[in-house]
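The values are calculated or read from the model by the stated rules, or taken from the named source; none is laboratory data. These numbers come from a predicted model, not from an experiment. Using ideal geometry, Cβ is built from the backbone for each residue, glycine included, and neighbour counts are taken over all protein chains shown. In case anyone asks, the SASA skips ligands and DNA or RNA and just uses the protein heavy atoms, side chains included. Shrake-Rupley method; radii C 1.70, N 1.55, O 1.52, S 1.80 Å.
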Amino acid sequence: QPAALTKDKRIIHKQLRPLPYQQLFFTTVSYLPPYPLFPDVAPAKPAQQNNVALLTATANPQPVLQHVKEQYPDVRLFSFADHHRFTKKDLDLLKYRSLVFTTEKDAARLLSL
């Protein structure tokens, strides 16, 4: 946990003033290394790592976009409304991309196609 968060937690706790029976929790996000959604057809290493996309249907794609941009600065974002149900037409947008990132939540929806 970042040191700055400790101070922020005290301030937030003071502002919210939880009742004695309430608990206040804080979370952070950490990213694991990416892994292929379809490992049986994924190449060992994509041919063009400069043709990268991020496909997401989350309320705020910025944190995951920033994370992917650390490795792939020219990533193209394909963002849909939160809880969007992907269609084959949506996937057609990605057919010329050599590498596509998504979240685990969105990957579960993609697998339903």
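Within the range 74-92, which residues are exposed (fewer than 14 other Cβ atoms within 10 Å of the Cβ) and either free of Cβ contacts under 8 Å to residues at least 24 places away in the same chain or of a type outside the set (Lys, Arg) (or both)? Walk me through it before giving the result.
Here is the first cut: in the range 74-92, the ones exposed (fewer than 14 other Cβ atoms within 10 Å of the Cβ) are 74, 81-83, 85, 87-89, 92.
Matches in the range 74-92: 74, 81, 82, 83, 87, 89, 92.
Matching residues to (1) at pLDDT 80 or above; (2) in a loop (DSSP other than H, G, I, E, B); (3) open to solvent by 70 Å² or more (accessible area, probe 1.4 Å):
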residue	(1), (2), (3)
21	yes, yes, yes
58	yes, yes, no
64	yes, no, no
68	yes, no, no
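Do we find a residue being open to solvent by 80 Å² or more (accessible area, probe 1.4 Å) and assigned to a loop (DSSP other than H, G, I, E, B) anywhere in the range 100-111? Let's see the steps before the verdict.
Within the range 100-111, the first condition is being open to solvent by 80 Å² or more (accessible area, probe 1.4 Å), and the residues that meet it are 104-105, 111.
Checking the rest, the ones that are also assigned to a loop (DSSP other than H, G, I, E, B) come to none.
Checked the range 100-111: no residue is open to solvent by 80 Å² or more (accessible area, probe 1.4 Å) and assigned to a loop (DSSP other than H, G, I, E, B).
With the requirement that a residue be surrounded by 14 or more Cβ atoms within 10 Å (Cβ to Cβ) and either of a type in the set (Asp, Glu) or at pLDDT below 85 (or both), what does the range 37-56 give you? Give the derivation first.
Let us first name the residues in the range 37-56 that are surrounded by 14 or more Cβ atoms within 10 Å (Cβ to Cβ), namely 37, 46, 51-56.
If the condition is that a residue be surrounded by 14 or more Cβ atoms within 10 Å (Cβ to Cβ) and either of a type in the set (Asp, Glu) or at pLDDT below 85 (or both), then 37, 46 are the ones that fit.
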Inset, instruction - Kindly indicate which of 35, 21, 96 is of a type in the set (Ser, Thr, Tyr) and in contact (Cβ under 8 Å) with a residue 12 or more places away in the chain. - result: 96
Inset, instruction - Please enumerate the residues belonging to the range 23-35 that are farther than 26 Å from residue 103 by Cα and open to solvent by less than 90 Å² (accessible area, probe 1.4 Å). - result: 24
